[in-house]
Structures are given as structure tokens and as C-alpha cells.
């Protein structure tokens, strides 16, 4: 599945996860600790916006320089392994750095979803630009580990895997909210 299809498949999941929930339910935290459902999506909104801040100008610069595509952009082996490592169900947890941690005290369904959709529309625009520029050749620094550089093709694969990871986490949290049926059961 190409990047655009992967990203398109992710967007409805956020809507389903948030559907029918009150502000209290979106912000409910599991008794064992960890993030709320809102914080999971809030984290994705923060990190994806930061990723776009480095990816968009790099892609525009590559377009201006005429970095022509050579077929479907493919992440490197290491980038594919990194993305695969992020896929749910995950075995290892990582503490988010302050720079990409959720920033709101209270999450509201319409606001978090609007930000989610807006950010993903921009990510989809980048994926579509693969027909104009070689996304495998354009390199950008990681926003969580700037010493690492990934191709934009690799970053799109990583973003999609990271989104699936936290959407899966949000689904697990939703299933624990007292009195709420899982989205699949509705």
C-alpha cells in the first residue's frame, strides 16, 4: 500500500475512536496510568505538525531544484525497519520528550479532530507530491532525534506507523472507559 493509501486509511479511525465520547471520556485516564485517549491524539497532532515543519520546506526546495521522481518512492531498509518497529501491537514503550508531548490540559472532540484532519491533509499533500519530486532522495532530520536523518519517503512510512501505534493505543484506552462500548461493537 502506498503512503497516500496508508494515510487515507488512518483518518477514519480517529473519527471512529472519538465518536460519541464526552469531554470527560476523551480525557479519562486508565487507573494503571498512562495517557488519555485525547492525549494520544494530542501527541500525534504535536509530532506530526513538527514533522511537517521540517518536511514541507525540504520538499518545496527539492521541487525548486528539480529533484525528479524515479518511480514509487521507497524508504531505505533501515527506515522500513524503524517504521515496522513502531507498528502496533508494540512491545516496547518510549517516554515522549517534552517537545512532542501532548500540550492541552483538556481535549475536546471537535478541536482535536479538526487539528487531526488538518494535519493529515497536509501530510497527504506531501505524499501526493511523490509524482513531482523524489521523496526517497529528500532528507530531513528527525524531530525527536535530530542527529538522525530520514528520507521524506521514510518519514511518511514512520508517520503512518506511529499514527497506527497511537490510534491502537487510543482504541485500547477507549475499551477501558467505564460504560463505553468499543467502536466496533456499535
If one compares the long axis through the Cα atoms of helix 77-86 with the longest principal axis of the Cα atoms of the chain, the angle in degrees, nearest 10, works out at 10 degrees
What does the extension gain come out to for residue 87 and residue 61, with contour length at 0.36 nm per residue minus their alpha carbon separation? 6.3 nm
Compute the distance from the alpha-carbon center of segment 1-38 to that of segment 87-117, in whole Å. 9 Å
I need the Debye-formula profile for segment 3-175: one equal scatterer per C-alpha, no solvent, reported as log10 I(q)/I(0) at q = 0.08, 0.09 1/Å, two decimals. -0.24, -0.31
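How would you rank 13, 149, 174, going from fewest to most other Cβ atoms within 10 Å of each one's own Cβ?
On the way: 13 16, 149 12, 174 22.
Exposure proxy ranking, most exposed first: 149, 13, 174.
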How far is helix 3-18 tilted off the main Cα axis of the chain, in degrees rounded to 10, range 0 to 90? 10 degrees
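Run lengths n ≥ 4 of DSSP H only: what is the helix-derived mean residue ellipticity at 222 nm for the chain, with -39500 (n - 2.57) per run over all residues, to the nearest 500?
Working: 6 runs with 104 residues, N = 186.
Helix contribution divided over all residues of the chain: -19000 deg cm²/dmol.
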Going by average Cβ density within 10 Å per residue, which order do the peptides 117-124, 87-94, 36-43 take, highest to lowest? 36-43, 117-124, 87-94
Can you work out the FRET efficiency for the pair residue 149 and residue 24, with r the C-beta to C-beta distance and R0 = 35 Å, to the nearest 0.05? 0.25
Label-point separation (nm) for residue 76 and residue 124, each offset 7 Å from Cα along Cα-to-Cβ? 3.1 nm
Helix 37-65 against the longest principal axis of the chain: what's the angle in degrees, Cα atoms only, rounded to the nearest 10? 10 degrees
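Read-outs throughout are calculated quantities, based only on the coordinates presented, and are distinct from any laboratory measurement. Everything numeric in this text was worked out from a predicted model, so none of it was measured. Every residue, glycine as well, gets a Cβ built from its backbone with ideal geometry; the counts of neighbours run over all protein chains shown.
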